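Novice: Before we start, here is the structure in question, set down as structure tokens.
The values are calculated or read from the model by the stated rules, or taken from the named source; none is laboratory data. Values in this document were obtained by computation on a predicted structure and should not be read as measured data. With ideal geometry, Cβ positions are generated from the backbone for all residues, glycine too; neighbour counts draw on all protein chains shown.
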């Protein structure tokens, strides 16, 4: 089985959840940078015109205004394409939000390579790295509709600045109804002794499909949805390193400075040594194509991920993990 039934786009769920919450809480405001349509917020604007602010294509103003509103006690969701929000407005994120400790909920939409053929100018493959270098802002990248819904609900009263990252294609539901969600607490989708995939955001569904392919070959693959990069769930990562023979991180982001770098740094500094591979976008400007074509080109597809796992296991011979005391 290499496919999963599709649900809604996480962006749709984000907008629906925000509208539902804002109807009962006038302190919830949405600030957009010409993103009402692309952020699926047209319905929000029609239903609650007094709770949405449109600043136009002016990302720096978007973040500055959001920080000002948050300072008055408003619960502000600042919605803009991830590629622009975390580049053009990086100084405002650093100073007006993080340094000033304003609990703005920065929502980066159409992240990763969601804009497909629009090219590298519109791809957001730097956002994890840029924001991880800034103190006092947490980073959440939901995998499916459930994680999206719970992340938005958690963000409303979240006391710290937080960045929420979304793509725009329909996503399958990956979790059982009794799953618990908490910012900073990874979700174990399944455990496996041969290899563990640690994935974030919308790559998690691809990892689930890859694990199904590996199961057919007798390979036991664990899956962790590391929906929060900061604060990173260190305990979940270390437990996976102890219980699995190899580890692969997967992200729709540059291989530099994102999830893979975080995991590698933590494991090595804690004295863990096991076969390890970072899968993401290599250090180059991306090829042109649709989101699916770009990801497949760089080995982020169920078949390629399964092959990468098999190669890692076979090449390394699944040696015993070493912990340096």
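Novice: Could you go through segment 82-102 and let me know if any residue there is within 27 Å of residue 6 (Cα to Cα) and crowded, with 24+ Cβ neighbours inside 10 Å.
Specialist: Of all residues in segment 82-102, those within 27 Å of residue 6 (Cα to Cα) come to 82-83.
Then keep just the ones that are crowded, with 24+ Cβ neighbours inside 10 Å; that gives 82-83.
Looking through segment 82-102, at least one residue is within 27 Å of residue 6 (Cα to Cα) and crowded, with 24+ Cβ neighbours inside 10 Å.
Novice: Would you confirm, using the coordinates I've provided, whether residue 53 is buried (at least 24 other Cβ atoms within 10 Å of the Cβ), modelled with pLDDT of 95 or more and in the same structural domain as residue 140 (by TED's automatic domain parsing)? Lay out the reasoning, then the answer.
Specialist: Values: buried (at least 24 other Cβ atoms within 10 Å of the Cβ): no; modelled with pLDDT of 95 or more: yes; in the same structural domain as residue 140 (by TED's automatic domain parsing): yes.
Criteria not met by residue 53.
Novice: Only one of these is modelled with pLDDT of 95 or more and at positive phi: 112, 119. Name it.
Specialist: 112
Novice: Looking at 151, 143, 129, which is the one that is in the same structural domain as residue 77 (by TED's automatic domain parsing), touching a strand residue (DSSP E or B) at 6+ places or on another chain (Cβ under 7 Å) and either surrounded by fewer than 19 Cβ atoms within 10 Å (Cβ to Cβ) or at pLDDT below 95 (or both)?
Specialist: Details: 151 fails: either surrounded by fewer than 19 Cβ atoms within 10 Å (Cβ to Cβ) or at pLDDT below 95 (or both); 143 fails: either surrounded by fewer than 19 Cβ atoms within 10 Å (Cβ to Cβ) or at pLDDT below 95 (or both).
After applying the criteria, what remains is 129.
Novice: Can you pull out every residue in segment 229-246 that is buried (at least 23 other Cβ atoms within 10 Å of the Cβ) and assigned to a strand (DSSP E or B)?
Specialist: Matches in segment 229-246: 229 only.
Novice: If you don't mind, there's one more thing I want to ask. I'd like to check something: does segment 80-92 contain any residue that is more than 17 Å from residue 14 (Cβ to Cβ), at pLDDT 95 or above, assigned to a loop (DSSP other than H, G, I, E, B) and out of contact with any helix residue (DSSP H, G or I) (no Cβ under 7 Å at 6 or more places or on another chain)?
Specialist: So far as segment 80-92 goes, yes, one or more of its residues are more than 17 Å from residue 14 (Cβ to Cβ), at pLDDT 95 or above, assigned to a loop (DSSP other than H, G, I, E, B) and out of contact with any helix residue (DSSP H, G or I) (no Cβ under 7 Å at 6 or more places or on another chain).
Novice: Kindly indicate which of 117, 130 is in a helix (DSSP H, G or I) and more than 29 Å from residue 188 (Cβ to Cβ). Spell out the reasoning first.
Specialist: Values: 130 fails: more than 29 Å from residue 188 (Cβ to Cβ).
None of the others qualify; the one that does is 117.
Novice: Going by what's in this entry, would residue 52 be described as more than 14 Å from residue 137 (Cα to Cα) and touching a helix residue (DSSP H, G or I) at 6+ places or on another chain (Cβ under 6 Å)? Spell out the reasoning first.
Specialist: Working: more than 14 Å from residue 137 (Cα to Cα): yes; touching a helix residue (DSSP H, G or I) at 6+ places or on another chain (Cβ under 6 Å): yes.
Taking the combined requirement at face value, the residue satisfies it.
Novice: Going through 174, 164, 118 one at a time, which residue ends up being more than 30 Å from residue 274 (Cβ to Cβ) and in contact with a helix residue (DSSP H, G or I) (Cβ under 7 Å, 6 or more places away or on another chain)? Break it down stepwise before answering.
Specialist: Details: 174 fails: more than 30 Å from residue 274 (Cβ to Cβ); 118 fails: in contact with a helix residue (DSSP H, G or I) (Cβ under 7 Å, 6 or more places away or on another chain).
Going through 174, 164, 118 in turn, the sole match is 164.
Novice: Can you pull out the residues in segment 16-33 that are assigned to a loop (DSSP other than H, G, I, E, B) and buried (at least 18 other Cβ atoms within 10 Å of the Cβ)? Show your work before the answer.
Specialist: Going residue by residue through segment 16-33, those that are assigned to a loop (DSSP other than H, G, I, E, B) are 23-27, 33.
Matches in segment 16-33: 33 only.
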